[in-house]
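Q: What follows is a structure written as C-alpha cells; I'll ask about it next.
The values are calculated or read from the model by the stated rules, or taken from the named source; none is laboratory data. All values derive from a computational prediction rather than experimental measurement. Please note: Cβ atoms are built from the backbone with ideal geometry, for glycine as well, and neighbour counts cover all protein chains shown. Please note that ligands, DNA and RNA were not included when accessible areas were found on the heavy atoms of the full protein model with its side chains. Shrake-Rupley method; radii C 1.70, N 1.55, O 1.52, S 1.80 Å.
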Amino acid sequence: MTISTATTLSNFVNGEWVTPSGEVKEGLNPADTREVVSSFRQSTSEDVKQALDSAAETFKTWKNTPAPQRGAYLYKIAALMEEEKDELAKTIVQEEGKTYNDAAKEVGYAAGIVKFYAGECRRLKGTLQEADMPNIQIETKPEPLGVVLVVTPWNFPMSIPAWKTAPAIASGNTVVLKPSSETPLTVMKFMDIIQRAGVPAGVVNQVIAPGKLVPEMIHHPSVKAVTFTGSNSVGKKVYAEAAKDMKRCLLEMGGKNPLIVMDDADLDEAVQLAVAGAYGQTGQACTATGRVIVHEKVAKEFTEKLVAKTKEFKVGNGMEEGINMGPQVSESERQSTLDLIQSARDEGATVLTGGKVPEGAAFEHGYFVEPTVISGVKPSMTIAQQEVFGPVNSIIEVRDIDEAIEVANNVDYGLSSSICTKNLEYMNQALAEIEAGIVKVNMTTTGTFFQAPFGGYKQSSTGTFKELGSEALDFYCQYKTRYIKSK
C-alpha cells in the first residue's frame, strides 16, 4: 500500500509560487519507496525563461542595494534556518535518505555558510594603487556580474544551494537555482525561508526542471555565469555550453579521494577515519574516501580492525534511533555501487564484508546497500579509478611513502585527501606532493570549514575559482579599474 505524505511543489519566480506546465513527477522516500514525498511538474522552456527574465529585471535594482543591507537579509535567512533545523533535517532524511544526525549537521553547516557571507557583505572592498603621475588616483572596485545560474546536486540538498546562492547575492547578483529533481522539496523549503526573510522578489528564483534545459538556460542572454556541482560527465557538458558564449563557469565535480595510512599511524583512529569517510552520507559525497592506501607493515591489522568496525554499522531508515547509515538516493545509484563492487571481484579483489543488498523486511522497499570492505585492490582496477559514490572502502597496500603518494596521484581526480601519521617527514611530503585541492593530516577526507576555500585539481574542478571562504566572492564579482584625475 502506498503511503502518501506528498507535498505539491512549485517554482519560485519573482517572489511567487508558480506551477510549472511540464510532465508530472513524484519524489519517493529512498528508505521506503512506498512513501510518496512530493509531487511536482517539470518546467518547460517557457517556465525557466520566466525565472531568468525575473532575475534579469530585478538585477537592475538589486545591484545598487548597499552590501550591508544585502547582508541583513542573509542574517535573517540563517536565523530561520537555525530555528527550523529539525523540520529541515527531517525533510532531508525523508527525501534524500541520510541519517537524521547527518541531515541536522548539514542544516547547521548551511546556516553557518549563510551567516559567513552575511558578514562578508561588510568586508567587500576594492584597492587603491599608486599612479605614475601626480593628481591621479587608481582604484579597483568589485561589481556584480548579473544573473547567476546555479545548478546543484541531490547529495547535499541544503548546504550546496546555500554555499552558491549566499555569495552570489552577497555580491549583488541575482540567482536562478535549478536543483536536482531528486531533492526538490528541500530546496523549496529553502526558498520559503528566503521569501519569509523578506528578500526582494526576483533576487532568488528556483525552477524544478530536467537537466536537458540547462544548456538553453546557460545561453539566456542575461545569464553571466554558471556554477555547477555534480558528476564529471555532466560538468564537462556544462563547461562546453558556457564556453560557446565565453561565460564564466565554476565546476566542482567528482573525487577519488585517498586516505593514506602509514606504518606509524594510530590504527584505531585511522579505522574511524576510514569508516567516517567512506560510509558517512552513505558514501554519497564528492569528498568521500575512495581509496585507503595502507602501508604493508600495518595492512593486516588495519584491515581486521576495519572489517570489525564495518560489521558493527547499522543500516536502515535514517529517522530511526541507532542507525549509522541510510539508503542510497535511488535505484540507479545503488546499482552503480553494486556494479563497481562486482567489477572488483571480477578483476581479482576480495570482498571481505558487505558488498550486497541487506536482507530482511526492513530493507525490502528501500535502496539499501551494505557497507563494504574490499582488499587486494590494485591501483589499475576499475574500482580504484572510478568514483563509487557508495559506502565502499577499497584497500590498496604500498611499501613506503613514495609509493603511497604515487598511488594517491594516479587517478584523474584531485579533490580531497588525507594522511594518517605522526611522522613529520611523511606529513610534509604528503602536504607538498599530493595532487589535490585539499590535503589533510589525521582527519577524514570529508568535511570542510566554510571559512576556508574549497576546490579541486585535475578533473575535479575547473580550477579557475574556489568555492567557500572569502575567495568564493571572486567568482561572483568583476573588478573595474578606475582612474581619477583630480585636476
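Q: Sort through Ala278, Ala270, Ala274 and tell me the only one that's over 15 Å from Lys440 (Cα atoms) and not assigned by the TED database to the domain that holds Lys466.
A: That would be Ala278, the only listed residue that is over 15 Å from Lys440 (Cα atoms) and not assigned by the TED database to the domain that holds Lys466.
Q: Please indicate, with yes or no, whether at least one residue in region 273-290 is under 30 Å from Ser45 (Cβ atoms) and of a type in the set (Ser, Thr, Tyr).
A: Within region 273-290, not a single residue is under 30 Å from Ser45 (Cβ atoms) and of a type in the set (Ser, Thr, Tyr).
Q: With Ala72, Ala67, Ala103, Ala110 as the choices, which residue is in contact with a Pro (Cβ under 9 Å, 6 or more places away or on another chain), small (Gly, Ala, Ser) and in contact (Cβ under 8 Å) with a residue 24 or more places away in the chain?
A: From the options Ala72, Ala67, Ala103, Ala110, the qualifying one is Ala110.
Q: From the list Pro391, Pro358, Pro379, Pro371, which residue is farther than 17 Å from Phe302 by Cβ and in contact (Cβ under 8 Å) with a residue 60 or more places away in the chain?
A: Pro391
Q: Of everything in region 97-115, what is part of a helix (DSSP H, G or I) and farther than 21 Å from Leu468 by Cβ? Give them in sequence order. Let's see the steps before the verdict.
A: Of the residues in region 97-115, the ones part of a helix (DSSP H, G or I) are 100-115.
Scanning region 97-115 gives Tyr100, Asn101.
Q: Shifting gears a bit: Suppose we keep only residues that are in a loop (DSSP other than H, G, I, E, B), free of Cβ contacts under 8 Å to residues at least 40 places away in the same chain and of a type outside the set (Lys, Arg) within region 435-487. Which one would you say is most open to solvent (accessible area, probe 1.4 Å)?
A: Phe449
Q: If you don't mind, another one. Can you tell me how many residues in region 389-422 are open to solvent by 50 Å² or more (accessible area, probe 1.4 Å) and assigned to a loop (DSSP other than H, G, I, E, B)? Break it down into steps so the answer makes sense when it comes.
A: Initial filter on region 389-422 (open to solvent by 50 Å² or more (accessible area, probe 1.4 Å)): 397, 399-400, 402, 406, 410, 412, 422.
Next, only the ones that are assigned to a loop (DSSP other than H, G, I, E, B) stay: 399-400, 410, 412, 422.
Count: 5.
Q: Out of curiosity, is Thr127 modelled with pLDDT of 95 or more and in the same structural domain as Ala79 (by the TED database)? Full working, then the answer.
A: Numbers: modelled with pLDDT of 95 or more: no; in the same structural domain as Ala79 (by the TED database): yes.
No.
Q: Among the listed residues Val48, Val37, which satisfies the condition of being assigned to a strand (DSSP E or B) and under 27 Å from the mean Cα position of the chain (by Cα)?
A: Just a single option satisfies the conditions, and that option is Val37.
Q: To continue, here is another question. Checking Asn205 against (1) open to solvent by less than 10 Å² (accessible area, probe 1.4 Å); (2) within 23 Å of Thr19 (Cβ to Cβ); (3) assigned to a loop (DSSP other than H, G, I, E, B): exactly one of these is not met. Which one?
A: Unmet condition: (3).
Q: Here's another thing I want to ask about it. Could you name every one of the strands (runs of 3 or more DSSP E) located completely within region 276-380 that has at least 1 residues being among the aliphatic types (A, V, I, L, M) and buried (at least 20 other Cβ atoms within 10 Å of the Cβ)?
A: So the answer is 289-295, 372-375.
Q: If I ask for residues that are open to solvent by less than 30 Å² (accessible area, probe 1.4 Å), part of a strand (DSSP E or B) and not aromatic (Phe, Trp, Tyr), which ones from region 9-31 would you list?
A: Passing the criteria: Asn11, Val13, Gly27, Asn29.
Q: Can you spot a residue in region 130-139 that is out of contact with any His (no Cβ under 8 Å at 6 or more places or on another chain) and surrounded by 15 or more Cβ atoms within 10 Å (Cβ to Cβ)? Even if it seems obvious, please write down each step before you answer.
A: Filtering region 130-139 down to residues out of contact with any His (no Cβ under 8 Å at 6 or more places or on another chain) leaves 130-139.
From the residues that got through so far, the ones that are surrounded by 15 or more Cβ atoms within 10 Å (Cβ to Cβ) too are none.
No, because not a single residue in region 130-139 is out of contact with any His (no Cβ under 8 Å at 6 or more places or on another chain) and surrounded by 15 or more Cβ atoms within 10 Å (Cβ to Cβ).
Q: In this structure, is Gly211 out of contact with any His (no Cβ under 9 Å at 6 or more places or on another chain), in the same structural domain as Ala103 (by the TED database) and open to solvent by less than 10 Å² (accessible area, probe 1.4 Å)? Outline the logic, then answer.
A: On the way: out of contact with any His (no Cβ under 9 Å at 6 or more places or on another chain): yes; in the same structural domain as Ala103 (by the TED database): yes; open to solvent by less than 10 Å² (accessible area, probe 1.4 Å): no.
Taking the combined requirement at face value, the residue does not satisfy it.
Q: Of all residues in region 27-59, count the ones that are among the charged types (D, E, K, R) and under 17 Å from Phe368 (Cβ atoms).
A: Number satisfying all stated conditions: 3.
Q: Kindly indicate whether Trp163 is open to solvent by 10 Å² or more (accessible area, probe 1.4 Å), out of contact with any Gly (no Cβ under 8 Å at 6 or more places or on another chain), under 30 Å from Gly283 (Cα atoms) and not in a helix (DSSP H, G or I).
A: No.
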